[in-house]
Amino acid sequence: MNIEQVYKDANALLDGHFLLASGNHSSRYLQSAKVLEYPKKASLLTDALADMIKEAGIEVDTICSPAIGGILAGYELARSLDVRSIFVEKKEGGMELRRGFSIAQGEKIIICEDIITTGGSALKASKAIEALGGEVVAFASLANRGFCKRVKGNDISKEACALPEGIPLFALDDFTFEMYAPKDCPLCKEGNSQAIKPGSNS
Ligand code: ZN
């Protein structure tokens, strides 16, 4: 499966002039919720991700996603692996389980996102799970922005990666885009466009 083409076909991989949440500019943007608009296509993606996880011999009881962005990807990955799906939600400074969800001591959990940038939300989710006695056995994401090293990926972990070493990250592909400080942005220098905020972001 050509993952980049799947994202392009879903209008999830945009070309233009974008202002990122970090304040940097970029000529490409991943609107990763778009690739999950059609559940049958979404499940093809998570089937591929599940195959990578199974191939690596990872045993898992439950998928846990950080809300909101990770919920759909996590739910579909749980379907692909035939395990339970739960999610954690933002609270002051971290994440927490609500809605009657619980986990057992030693329960093996994969934290699943739609996209891993630096992995900050995934890290908060993993801390919430570990505080309740769960064991985080892996991180998983459909797309990886190239800050964190993924299993079978070519990139090395950058300093900005928040994910702990020693717990594998599975992702379908790396989407490593150039980012520019506004004063260095070649698109701004061309002068034909202004950086726009594409709008996501939970
Ligand atoms: Zn610019």
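The values are calculated or read from the model by the stated rules, or taken from the named source; none is laboratory data. Keep in mind that this is a model prediction, so the values were computed, not measured. Methodologically, a virtual Cβ is constructed for each residue, glycine included, from the backbone with ideal geometry; neighbour enumeration extends over all protein chains shown. For accessibility, only protein heavy atoms count, side chains too; no ligands or nucleic acids. Shrake-Rupley method; radii C 1.70, N 1.55, O 1.52, S 1.80 Å.
Summing charges over all other residues whose Cβ lies under 14 Å from the Cβ of D184, with Lys and Arg as +1 and Asp and Glu as -1, gives 0. Within the chain, what's the longest stretch lacking trypsin sites (Lys or Arg not before Pro) that sit in DSSP loops with no more than 12 other Cβ atoms inside 10 Å? Maximal segment without exposed cleavage sites: 1-97.
For Cα pairs less than 8 Å apart in space and 6+ apart in sequence, what is the mean separation divided by the residue count of the chain, i.e. the relative contact order in percent?
22
Using only the alpha-carbon atoms, how far is helix 39-55 inclined from the longest principal axis of the chain? Give it as 0 to 90 degrees, nearest 10. Tilt relative to the chain: about 60 degrees.
In the full protein context, the chain carries 52 Å² of accessible surface per residue, based on a 1.4 Å probe and ignoring ligands, DNA and RNA. Of the accessible area of the chain, computed with a 1.4 Å probe over protein heavy atoms only, carbon and sulfur atoms account for 49 percent. In this label model, E190 and Q105 are separated by 6.0 nm, measuring between points 7 Å along each Cα→Cβ vector.
Treating each Cα of the chain as one equal point scatterer and applying the Debye formula with no solvent, the log10 of I(q)/I(0) at q = 0.11, 0.16 Å⁻¹ comes out as -0.50, -1.02.
Measure up K158/K183; K90/K189; K40/K158; K91/K197; K91/K189; K108/K197 against 30 Å on the Cα-Cα distance and list the ones that go over. From the list (K158/K183; K90/K189; K40/K158; K91/K197; K91/K189; K108/K197), the Cα-Cα distance tops 30 Å for K90/K189; K40/K158; K91/K189; K108/K197. One chain, two ends: K197 and I68. Fully extended at 0.36 nm per residue, the span grows by 44.5 nm beyond their Cα-Cα distance. In this simple spin-label approximation, N154 and E55 carry label points 7 Å from Cα along the Cα→Cβ vector, and these lie 1.7 nm apart. Considering the options L49, Y75, H17, tell which one lies farthest towards the positive end of the dipole of the chain, charges being +1 on Lys and Arg and -1 on Asp and Glu at the Cβ, about the Cα centre. Ranked along the dipole, the leading option is H17.
Before rounding to the nearest 500, sum -39500 (n - 2.57) across all DSSP H runs of length at least 4 in the chain and divide by the residue total; then give [θ] at 222 nm in deg cm²/dmol.
Numbers: 5 runs with 52 residues, N = 202.
Rounded to the nearest 500, it is -7500 deg cm²/dmol.
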